[in-house]
Structures are given as C-alpha cells and as structure tokens.
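Q: Starting off with a structure, shown below.
The values are calculated or read from the model by the stated rules, or taken from the named source; none is laboratory data. Please read these numbers as outputs of a predicted model, since none were measured by experiment. Backbone-built Cβ (ideal geometry, glycine too); neighbour counts: all protein chains shown.
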Amino acid sequence: MSRAEILKDNYERLIESLATACRKHGRSPEDLTLVAVSKFHTASDMATVAAAGQLDFGENYVREFLEKKDALKNLPIRWHMTGHVQSRKAAEVAGNFELIHTLDSKKLADAYQKKLDESGKVQAVLLEINIADEPQKAGIKLTEARELGEHILTSCPGLKLEGMMCLPPVFDAGEASRPWFAKLREARDKLKRELGADLPKLSMGMSGDYEAAIAEGATIVRIGTDIFGPRPAKARK
Ligand SMILES: *Cc1c(COP(=O)(O)O)cnc(C)c1O
C-alpha cells in the first residue's frame, strides 16, 4: 500500500472504532469530535487525511503550526492548539485557533487577551488540568481551576472558556486512565456550578486510551499515532 492508502485506511478504521466505542458506552458518535494530532507529521500527510474527511487538526508548536497553516491554506482546516504555549508566543496563537486546549496560567490568559483586544477576535479555550499532579507536566492543579476560571470570566472578554483538557500519566493506558478521566469530568462539573458557566467540552483520550475517555464523557479525543503512525524518532514525544 502507498503512504496515502495506509493513512486513509488508518483513518477509516479509527472512525469506525470511535463509533463503536461511542455506541458501546451509550454515546452518540456525532457528539464526539476527533482532533487529528499532526505534530511532526508532514503537511502532505495532513492533506491526505483531510481528503479522507478530517478537518480538525491539532498542533503543539507555534512555528510548525504557522508553516503548515501556510502550506495548507487552501483547505478549510480547523486548527487546535494541543501543546504548551509560552506567553511570549501568545500573539501568534490568540485568534488563530478553533480551540486552544492548553490554557494554564493567568499570565497566558492576559497575553492572549492583549492580542484579542487588538484584533477584536474571540478565542475559545480549555483549561489544561495537571490531573495527576505530576511535577514535570504542564497544566494547573485542580485547586487552581476556580481562580483561573473566574479570572477569565471577569478580565478576559475575548476568551470563551468552554471546558477542560487533561493528559493522564503516560504509564497509565487503556482502562488504567479511566479514573483520571472520571476525575476531570467531575472537576468540570464542579467548576460549572462554581462559575455558573456552560462548560460543554472535555478534551481527553489519545491513541492508547480513547475508549476509556469516551466512557467517561469525552467530547473531544486527540489522536495522532493511530492515524499517522509513530512520530519520527528524533522528535518523538
Ligand atoms: C501528541 C499528543 C496527542 C496524540 O497522542 P497519540 O498517542 O499519538 O495519539 C494527544 N494530545 C496531546 C496533548 C499530544 O501532545
């Protein structure tokens, strides 16, 4: 099979498998958004997957995003920021994404807002939660969610807070991730009550654990490897 045929086959298999997982857990496949995480993969591979019907793509690095956005400017792609963003890069990010999954500080919220004040755009965001309190990981602690949520609602009119995102510990996969996903859902429900805001989105589940995430209420799954295969070795993360 050619590279294009392999990608199309991977993609169709994944769509089928997501639909099966949804049905198994009483969810409707239409209520689940697949974000194809394309970091380190080529614009050409992305175009192949887009031709198979995928329009939501996730990128982790600002420079790589800008290059691919330009290379694929003729396709109606909805871009998602799935990587950590440094405040000094905020101006290149705010207003350019369907959804930023990784908001994790007041400083970054303020930097996004500054850019949105200039452009007049609105930017949808999720709070990234460091769900297992891992020191090496980005994201806020659960106990910080309310304060950051309130800050966004009161001081960042350009930001539209839509929910939460998490990445469970890497050593947990499949069903082992499920308690972390349940924890994120409960945290989202709590924040919803505290803020009196509608927070419909839960971004959770990757190649190794999307079924568990769907079982716990994910509305967005972020999947790379199952579509594109392993990331190039030098860049693997
Ligand atoms: C790379 C990445 C993914 C995709 O992971 P796979 O295991 O390749 O499906 C999902 N979410 C985030 C935040 C990522 O950085």
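Q: What are the pairs, 6+ residues apart or on separate chains, where a residue within the stretch 60-82 that is closer than 19 Å to residue 165 by Cβ has its Cβ under 9 Å from a residue that is modelled with pLDDT under 95 and assigned to a loop (DSSP other than H, G, I, E, B)?
A: Final answer for the pair search is 60/237.
Q: Here's something else I'd like to know. Tally the residues that are more than 12 Å from residue 110 (Cβ to Cβ), of a type in the set (Val, Ile, Thr) and either within 16 Å of the ligand (Cβ to nearest atom) or surrounded by 20 or more Cβ atoms within 10 Å (Cβ to Cβ) (or both), restricting the search to the stretch 142-172.
A: Number satisfying all stated conditions: 1.
Q: Say we look at the stretch 16-43 and pick out the residues that are polar (S, T, N, Q) and within 20 Å of residue 82 (Cα to Cα); which of these is surrounded by the most Cβ atoms within 10 Å (Cβ to Cβ)?
A: In this case the residue turns out to be 38.
Q: Within the group 20, 33, which residue is among the hydroxyl-bearing types (Ser, Thr, Tyr) and either over 28 Å from residue 103 (Cβ atoms) or away from the ligand (no atom under 15 Å from the Cβ) (or both)?
A: Unique residue meeting the criteria: 20.
Q: Examine the stretch 56-66 for a residue that is more than 16 Å from the ligand (Cβ to nearest atom), at negative phi, surrounded by 16 or more Cβ atoms within 10 Å (Cβ to Cβ) and not β-branched (Val, Ile, Thr), and state whether such a residue exists.
A: No, every residue in the stretch 56-66 fails to be more than 16 Å from the ligand (Cβ to nearest atom), at negative phi, surrounded by 16 or more Cβ atoms within 10 Å (Cβ to Cβ) and not β-branched (Val, Ile, Thr).
Q: If you go through the stretch 176-190 one residue at a time, do you hit one that is assigned to a strand (DSSP E or B), under 20 Å from residue 35 (Cα atoms), within 16 Å of the ligand (Cβ to nearest atom) and out of contact with any helix residue (DSSP H, G or I) (no Cβ under 7 Å at 6 or more places or on another chain)?
A: Among the residues of the stretch 176-190, not one is assigned to a strand (DSSP E or B), under 20 Å from residue 35 (Cα atoms), within 16 Å of the ligand (Cβ to nearest atom) and out of contact with any helix residue (DSSP H, G or I) (no Cβ under 7 Å at 6 or more places or on another chain), which makes the answer no.
Q: Which one of these is over 30 Å from residue 42 (Cα atoms) and touching a strand residue (DSSP E or B) at 6+ places or on another chain (Cβ under 6 Å): 191, 199?
A: Of the residues listed, the single one that is over 30 Å from residue 42 (Cα atoms) and touching a strand residue (DSSP E or B) at 6+ places or on another chain (Cβ under 6 Å) is 199.
Q: Here's something else I'd like to know. Restricting to the stretch 207-227, and then to whatever is in a loop (DSSP other than H, G, I, E, B) and within 8 Å of the ligand (Cβ to nearest atom), can you tell me which residue is surrounded by the most Cβ atoms within 10 Å (Cβ to Cβ)?
A: 224
Q: Moving to a separate point now. Just for the stretch 105-121: of the residues that are assigned to a loop (DSSP other than H, G, I, E, B) and out of contact with any helix residue (DSSP H, G or I) (no Cβ under 8 Å at 6 or more places or on another chain), which one is surrounded by the most Cβ atoms within 10 Å (Cβ to Cβ)?
A: Restricting attention to the stretch 105-121, the residues satisfying the condition of being assigned to a loop (DSSP other than H, G, I, E, B) are 105, 120-121.
Among the residues that remain, those that are also out of contact with any helix residue (DSSP H, G or I) (no Cβ under 8 Å at 6 or more places or on another chain) are: 120-121.
On the way: 120: 8, 121: 12.
My answer is 121.
Q: May I ask you to say which residue of 80, 84 is surrounded by fewer than 16 Cβ atoms within 10 Å (Cβ to Cβ) and either within 16 Å of the ligand (Cβ to nearest atom) or at pLDDT below 95 (or both)?
A: The unique qualifying residue is 84.
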